[in-house]
1. Averaging sequence separations of C-alpha pairs under 8 Å and six or more residues apart, then dividing by the length of the chain, give the relative contact order as a whole percent.
2. Once label points are set 7 Å from the Cα along Cα→Cβ at both Glu121 and Arg166, what is their separation, rounded to one decimal in nm?
3. What FRET efficiency would be calculated for the residue pair Asp149, His3, taking the C-beta separation as r and a Förster radius of 45 Å, to the nearest 0.05?
4. Which whole-number value in Å² is the accessible area per residue of the chain, probe 1.4 Å?
5. Cut-off under 24 Å on the C-alpha distance; same-chain residues fewer than 8 positions from Lys147 excluded. Which lysines are left, in chain and number order?
6. Give the share of C-alpha pairs in each 5 angstrom bin for region 1-131, from 0 to the last occupied bin, in whole percents, shortest bins first.
7. Please state, to two decimals, what the Cα-based radius of gyration of region 76-198 comes to when divided by 2.2 N^0.38 Å (N = residues).
8. Binned at 10 Å from 0, what are the whole-percent values of the Cα-Cα distance distribution for region 5-68, short to long?
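The values are calculated or read from the model by the stated rules, or taken from the named source; none is laboratory data. Note that the structure is predicted; figures quoted are calculated from it, not measured. All Cβ positions, even for glycine, are placed from backbone atoms using ideal geometry, and neighbour counts span all protein chains on display. Keep in mind that these areas ignore ligands, DNA and RNA; they rest on the heavy atoms of the full protein, side chains included. Shrake-Rupley method; radii C 1.70, N 1.55, O 1.52, S 1.80 Å.
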Amino acid sequence: MAHDGYRIVFLGPPGAGKGTQASLLAKKYGIKKISTGDILREAVRNGTELGRKAKRYMDAGELVPDGIIIGLIEEQIAGHESFILDGFPRTLVQAKALDELLNKQGKPLTHVIFVSVPDEEIVRRLTARRVCPKCGAVYNLVYNPPKSDEICDVCGTPLIQRSDDREDVIRNRLRVFKESTAPLVDYYRKRGIYHEVNGVGSVEEVLKRIEEALSG
Ligand code: ADP
Ligand code: AMP
């Protein structure tokens, strides 16, 4: 399949590496990456109405209500033949709304990639995650440190820690994932578009596994 026919969902617990891998693939294949988390954080930073509505849920590690998120994704997908969704859908209601939207256009999802990583590794990764508030680059103080101390390699901006990357909020995000998002596995598995990929290993190794799943 040509890369421009890909409509991919990246599923998996927080910190599994979805954003890292989605960014690499989007660049490599020249298709759009849509991260609901990135869009919401930008809205919070800019103090928009969306940001004001979403902030308290995000700070607590809870999900932002489905109605808000579904409206957002409709705008983002409109007019795009191919895309990678990172962090959406996260509930069955969102997954069904997405199917309805895509089916109307006769362009259903082509792949769902579940990136699997054990809880304790997730806590290790997320407590060491640092992000660039300007260009969105993602680093890890242990696994993928910036070249100079906590400064973005790409644009030179001082890195920050996300406010929800604190251990208590991470534990809540993991609980929310198991309760609300993990049921999507059964939903997609039945459709034959579901692939589970081991997310433990180097970024390059995981990328290779994902590309194998996409071409299989
Ligand atoms: P998600 O989008 O699933 O929340 P990220 O892509 O932001 O996850 O990755 C979470 C953290 O783990 C980041 O600090 C990132 O640099 C790091 N990371 C991503 N992939 C790997 C990997 N294969 N091995 C170790 N650390 C990783
Ligand atoms: P992420 O960057 O994907 O880890 O998302 C960060 C936070 O944004 C989550 O903990 C939620 O509060 C919110 N969020 C992102 N995507 C969604 C979604 N699809 N549904 C509900 N909330 C979301």
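1. 28
2. A separation of 2.8 nm, rounded to one decimal place.
3. Details: r = 37 Å, r/R0 = 0.82.
Rounded to the nearest 0.05, the efficiency is 0.75.
4. 50
5. Hits, sequence-local ones excluded: Lys18, Lys27, Lys28, Lys134.
6. Histogramming region 1-131 at 5 Å steps yields 2, 10, 19, 22, 21, 16, 8, 2, 0 percent.
7. 1.26
8. Going from the shortest bin to the longest, the percentages are 19, 44, 32, 5.
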